[in-house]
Amino acid sequence: MLTLNAPRRSRLRATLLAAFLAPFLTPGLSAAAAPTCPPSPRQTLHLPALKAALAAHRPIIIAALGSSSTAGAMASDPADSYPAELQDDLTAALPGAEISVINRGINGEDAKREDQRMQSDILSLRPQLIIWQVGANAAARGEPPQIFARLVRIGLHRLKASGADIILMDNQRSDKLRHQPDNARINQTLAQLALESHVNLFSRDHLMRSWPHLHPFLAPDHMHLNDQGYACTAQALATAIQAAS
């Protein structure tokens with residue numbers, strides 16, 4: 001399995017910062033090194049459409065559908081969202097491939113509103129891979145898991161008809177969400193839907209449970225990830241995509 005280093009953007013920023021600070025540092029001191037991510041647990045994906053496109057040297061389109069944590073809420077810049085970081089990581093790992101990760105995240109959306117724009121925002125792109133991050137707003141708003149499951153099932157039926165590979169992404173393990181009574185049930189519902197619909201699950205909850213501490217990766221709102229949290233999520237996802245069958 002390929003292990004990716006910290007995002008190239010972070011390394012570049014660290015290099016530029018070091019160059020700028022060098023004249024002002026006392027001997028023996030240096031600028032802080034680029035941050036690194038904790039080791040991530042293995043998450044197995046099956047991505048035949050994406051692998052076939054790579055083997056045929058076709059341009060790769062990955063469409064990221066979701067709400068604020070796809071859009072990149074609380075990131076310093078849109079370039080620090082997880083889809084942008086994912087494109088950087090995959091491009092670095094696959095230098096011969098033409099890879100575009102299209103961010104179709106909209107703050108505050110839920111499964112129903114995302115389903116309503118799937119055709120125009122996602123399927124019209126003809127992607128080989130669709131990543132659907134869904135469930136955080138359902139948990140935060142107390143949406144009954146049965147209603148949530150019905151809406152996601154409808155959306156999955158629509159996405160699967162395109163022939164693209166599908167990855168469901170569950171909820172981030174943030175302070176606000178993990179104390180919501182329905183959060184665990186929403187994540188369990190997504191795992192069950194992935195199993196019964198024969199699509200992939202990339203579990204942010206599982207990933208973040210492996211991190212020794214959460215707060216270095218969370219934004220000040222205690223709901224979303226910060227730049228490092230998005231970067232480490234993208235790094236783990238890129239590693240799983242690289243290792244996919």
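Within the stretch 52-67, the set of residues being of a type outside the set (A, V, I, L, M, F, W, C) and more than 20 Å from LEU156 (Cα to Cα) comprises HIS57, ARG58, PRO59.
Mind checking which residues of the stretch 184-230 are of a type in the set (Gly, Ala, Ser) and either more than 20 Å from GLY155 (Cβ to Cβ) or free of Cβ contacts under 8 Å to residues at least 40 places away in the same chain (or both)? Break it down stepwise before answering.
Initial filter on the stretch 184-230 (of a type in the set (Gly, Ala, Ser)): 184, 191, 194, 197, 203, 210, 219, 229.
The answer is ALA184, ALA191, ALA194, SER210, ALA219, GLY229.
Is it the case that ASN187 is within 19 Å of the chain's Cα centre (by Cα), part of a loop (DSSP other than H, G, I, E, B) and not basic (Lys, Arg)? It is false that ASN187 is within 19 Å of the chain's Cα centre (by Cα), part of a loop (DSSP other than H, G, I, E, B) and not basic (Lys, Arg). Can you find a residue in the stretch 34-44 that is surrounded by fewer than 16 Cβ atoms within 10 Å (Cβ to Cβ), of a type in the set (Ser, Thr, Tyr) and either over 21 Å from GLN172 (Cβ atoms) or under 16 Å from the mean Cα position of the chain (by Cα) (or both)? Yes, there is a match, as at least one residue in the stretch 34-44 is surrounded by fewer than 16 Cβ atoms within 10 Å (Cβ to Cβ), of a type in the set (Ser, Thr, Tyr) and either over 21 Å from GLN172 (Cβ atoms) or under 16 Å from the mean Cα position of the chain (by Cα) (or both).
Give the residue, chosen from ALA79, ALA73, ALA93, that is in contact (Cβ under 8 Å) with a residue 60 or more places away in the chain, touching a His at 6+ places or on another chain (Cβ under 7 Å) and surrounded by fewer than 22 Cβ atoms within 10 Å (Cβ to Cβ). Don't jump to the end; show me each part of the working.
Details: ALA79 fails: touching a His at 6+ places or on another chain (Cβ under 7 Å); ALA93 fails: touching a His at 6+ places or on another chain (Cβ under 7 Å).
Sole residue among the options that is in contact (Cβ under 8 Å) with a residue 60 or more places away in the chain, touching a His at 6+ places or on another chain (Cβ under 7 Å) and surrounded by fewer than 22 Cβ atoms within 10 Å (Cβ to Cβ): ALA73.
Summed over the stretch 115-136, residues that are surrounded by 23 or more Cβ atoms within 10 Å (Cβ to Cβ) and in a helix (DSSP H, G or I) total 2. ASN171 meets each of the listed conditions (1) surrounded by 14 or more Cβ atoms within 10 Å (Cβ to Cβ); (2) in a helix (DSSP H, G or I) apart from (2).
In this structure, is VAL101 over 24 Å from ASN183 (Cβ atoms), within 19 Å of the chain's Cα centre (by Cα) and of a type in the set (Val, Ile, Thr)? Yes; evaluated as a whole, the condition is true for this residue. Only a single item in (1) modelled with pLDDT under 95; (2) in a loop (DSSP other than H, G, I, E, B) is not met by ALA75, and it is number (1).
Here LYS176 meets the list (1) at pLDDT below 95; (2) crowded, with 20+ Cβ neighbours inside 10 Å almost entirely, failing just condition (2). Inside the stretch 198-228, residues that are surrounded by 17 or more Cβ atoms within 10 Å (Cβ to Cβ) and under 25 Å from LEU50 (Cβ atoms) make up a count of 11. Against the condition of a type in the set (A, V, I, L, M), in a helix (DSSP H, G or I) and closer than 16 Å to LEU193 by Cα, how does ILE147 come out, does it pass? It is true that ILE147 is of a type in the set (A, V, I, L, M), in a helix (DSSP H, G or I) and closer than 16 Å to LEU193 by Cα.
With the condition kept exactly as written, say whether any residue in the stretch 118-127 is of a type outside the set (A, V, I, L, M), in contact (Cβ under 8 Å) with a residue 60 or more places away in the chain and farther than 24 Å from ASP205 by Cβ. Steps first, answer last, please.
Step one: of the stretch 118-127, the residues of a type outside the set (A, V, I, L, M) are 119-121, 124, 126-127.
Next, only the ones that are in contact (Cβ under 8 Å) with a residue 60 or more places away in the chain stay: 126-127.
Filter once more, keeping what is farther than 24 Å from ASP205 by Cβ: 126-127.
Yes, the stretch 118-127 contains a residue that is of a type outside the set (A, V, I, L, M), in contact (Cβ under 8 Å) with a residue 60 or more places away in the chain and farther than 24 Å from ASP205 by Cβ.
Going through the stretch 145-157 one residue at a time, which ones are within 21 Å of the chain's Cα centre (by Cα) and surrounded by fewer than 18 Cβ atoms within 10 Å (Cβ to Cβ)? Within the stretch 145-157, just ARG153 meets the criteria.
The values are calculated or read from the model by the stated rules, or taken from the named source; none is laboratory data. Note that the structure is a prediction, hence the values are computed from the model and not measured. Glycine also receives a Cβ, built like all others from the backbone with ideal geometry; neighbour counts cover every protein chain displayed.
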